[in-house]
Amino acid sequence: MHKRRVHIWLLDVPRIKKPKTHIKEFNYLKDKNEIERLLAKAREEGYPVFIFYLTAITTGMRAGELAGLKWHDVDFDNRLITVARSFDSTTKNGEIRRIPILNQLLSSLSEWKLQKTSEWVFINEAGNPYGAGARIYKSIFHRVLKTANLSIRFHDLRHTFASHWMINPLSR
């Protein structure tokens with residue numbers, strides 16, 4: 001018995017798009033030394049700058065989430081931060097999440113709370129929460145980076161947290 005061949009004629013050449021397989025590069029503070037350099041230079045700018053950057057590095061929170069953080073979102077007893085808002089709206093994806101307060105942050109954040117009377121965790125010199133274009137994200141951050149001899153963006157502090165969380169899970 002012979003198999004019958006069937007010929008199919010295509011009227012058009014099919015267009016098939018290859019999926020893009022680009023790997024997005026990101027930057028972060030690579031080791032403890034770089035993190036310590038950044039925080040040491042931030043401390044020279046003042047404790048408000050230091051605690052802001054320390055919180056960013058040890059929580060992975062976005063700039064707007066740090067700006068929107070209120071003290072009632074910080075649960076020292078259960079060591080959790082509830083991320084419920086950004087600068088002036090919801091979080092980026094609209095969802096609330098909880099982040100553990102790591103050992104490196106706990107005592108510094110507790111000390112910071114004792115110094116503050118505002119409902120907001122981080123405020124500018126005028127006593128208002130930071131806005132999208134605040135100096136702490138731009139000019140102050142660039143000055144700290146320059147004196148620490150580092151080159152990253154503020155958002156890269158989020159990458160720093162995520163990378164170190166995966167690299168060293170026992171440091172939690």
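The values are calculated or read from the model by the stated rules, or taken from the named source; none is laboratory data. Nothing here was measured: the structure is a model prediction, and the numbers come from that model. Here the Cβ positions follow ideal geometry from the backbone for every residue, glycine too, while neighbour counts run over all protein chains shown. Side chains included, ligands, DNA and RNA excluded: accessible areas come from the protein's heavy atoms. Shrake-Rupley method; radii C 1.70, N 1.55, O 1.52, S 1.80 Å.
If you take the residues in the range 8-48 that are within 19 Å of Ser139 (Cα to Cα) and open to solvent by 100 Å² or more (accessible area, probe 1.4 Å), which one is nearest to the chain's Cα centre (by Cα)? Filtering first and then ranking leaves Arg43. The residues in the range 91-143 that are of a type in the set (Ser, Thr, Tyr), touching a residue at least 12 places away in the same chain (Cβ under 8 Å) and in a helix (DSSP H, G or I) can be counted, and the count is 2.
Applying the criterion of being of a type in the set (Lys, Arg) and outside any loop (DSSP other than H, G, I, E, B) to the residues of the range 144-158, the residue that is nearest to the chain's Cα centre (by Cα) is Arg158.
Tallying residues that are farther than 16 Å from Tyr130 by Cβ and either without any contact (Cβ under 8 Å) to a residue 12 or more places away in the chain or of a type in the set (Lys, Arg) (or both) within the range 27-52 yields 8.
Residues in the range 1-49 that are among the hydroxyl-bearing types (Ser, Thr, Tyr) and either more than 16 Å from His159 (Cβ to Cβ) or outside any loop (DSSP other than H, G, I, E, B) (or both): Thr21, Tyr47. Scanning the range 59-75 for residues that are more than 9 Å from the chain's Cα centre (by Cα) and among the β-branched types (Val, Ile, Thr) turns up just one, Val74. Taking the range 112-139 as the range and being over 26 Å from Ser151 (Cβ atoms) and open to solvent by less than 90 Å² (accessible area, probe 1.4 Å) as the test, the residues that pass are Trp112, Lys113, Lys116, Ser118, Trp120, Val121, Ile123, Ala126, Gly127, Asn128, Pro129. So which residues in the range 53-80 are in a loop (DSSP other than H, G, I, E, B), touching a residue at least 24 places away in the same chain (Cβ under 8 Å) and open to solvent by 10 Å² or more (accessible area, probe 1.4 Å)? Listed by number, the residues that qualify are Arg62, Phe76, Arg79.
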